[in-house]
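The values are calculated or read from the model by the stated rules, or taken from the named source; none is laboratory data. What you are looking at is a predicted structure, and each value in this text was computed from that prediction instead of being measured. Here the Cβ positions follow ideal geometry from the backbone for every residue, glycine too, while neighbour counts run over all protein chains shown.
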Amino acid sequence: MLTGAGISAESGVPTFRDADGLWEGHRVEDVATPEAYDMAPTRVLRFYDERRAALARVEPNAAHHALVRLEEVLGEDLLVVTQNIDDLHERAGSRHVVHMHGQLLSALCRVCEGRVPWTRELVDHPPCPGCGHTELRPDVVWFGEIPYEMDRILHVLGSAHTFVSIGTSGAVYPAAGFVQHARRSGARTIELNLEPSEGSMWFHESHQGRAGELVPRWVD
Ligand code: BJW
């Protein structure tokens, strides 16, 4: 199972590439890079501070809850690989979740690579409790960086019976290539998205609609 921003849209979390997906007129490609952080750290930290504040005001929706019901049946045979940095899968109750693009509520020390819970504004960040340096950055995967847990994800894709992609545009690699990998390995591939994604030709089934309706219908 691969999820993207579209699964959280009905919770009130903006997507990246839909009409309202810009942040102060910036494309995500211009904010979510190590270069943008080095050039304008305060601007990038504000981007994440605002999203963290907004996350506290939203709740999981019917699509997140449906995946919890599926996990109750499938147990560890269901792995949710999410590109989202929100915690809505966990708050709904999913237990087997991989955050391949990191997490909004975590900061990463650039010196010792230790992780620290990030609950307030990182603009006024405290020192790293591990090494004492103040080089904390958002614990997220920017363009040009390697997504987390790729070995585990590729292993699971190689043996999956079914691959389902929910609410992602298929514009960002390597996640956009997962469908081909799973299909080549023999999985049935299913897409549930508001519109056909960029890779919709790779899916055996492509269903269009809102995740809050499509996912519960598919699960139940
Ligand atoms: C609904 C809905 C509703 C709305 N119901 N649906 C191959 C070719 C070309 C380029 C590359 C390539 N390989 C790598 C690259 C470079 C680059 C890349 O992909 N660039 C592209 C722009 C072309 N990739 C990278 O740099 C990646 N790293 C990498 O490849 O390292 C090399 C390597 C990999 C593996 C092994 C070894 C080496 C890193 C990419 C990091 C992406 N980071 C971000 C930011 C994370 C932190 C943050 O959140 O701020 O991740 S960018 C942003 O895009 C974020 C998202 O997770 C990601 C994907 O977006 P998503 O989720 O698809 O959202 P949208 O908005 O695009 O789409 C939403 C969809 O939902 C739409 O289709 C809507 O219709 C739909 N929707 N409402 C259902 N209610």
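Points worth noting:
- Condition met for Arg110 (over 19 Å from the mean Cα position of the chain (by Cα), under 23 Å from Glu145 (Cβ atoms) and more than 13 Å from the ligand (Cβ to nearest atom)): yes
- Residue within the range 22-38 that is assigned to a helix (DSSP H, G or I), within 13 Å of the ligand (Cβ to nearest atom), touching a strand residue (DSSP E or B) at 6+ places or on another chain (Cβ under 6 Å) and free of Cβ contacts under 8 Å to residues at least 60 places away in the same chain present: no
- Unique match (being of a type in the set (Lys, Arg) and within 12 Å of the ligand (Cβ to nearest atom)) among Arg57, Arg95, Arg17: Arg17
- Among the candidates Val80, Val123, Val73, Val98, the residue that is surrounded by fewer than 14 Cβ atoms within 10 Å (Cβ to Cβ), at pLDDT 90 or above and among the aliphatic types (A, V, I, L, M) is uniquely Val73.
- Of all residues in the range 187-203, those that are free of Cβ contacts under 8 Å to residues at least 24 places away in the same chain and not in a helix (DSSP H, G or I) total 2.
- Only residues that are assigned to a helix (DSSP H, G or I) and within 6 Å of the ligand (Cβ to nearest atom) were counted across the range 139-163, and they come to 1.
- Within the range 32-61, the set of residues being within 28 Å of Phe163 (Cα to Cα) and surrounded by fewer than 19 Cβ atoms within 10 Å (Cβ to Cβ) comprises Val58, Glu59.
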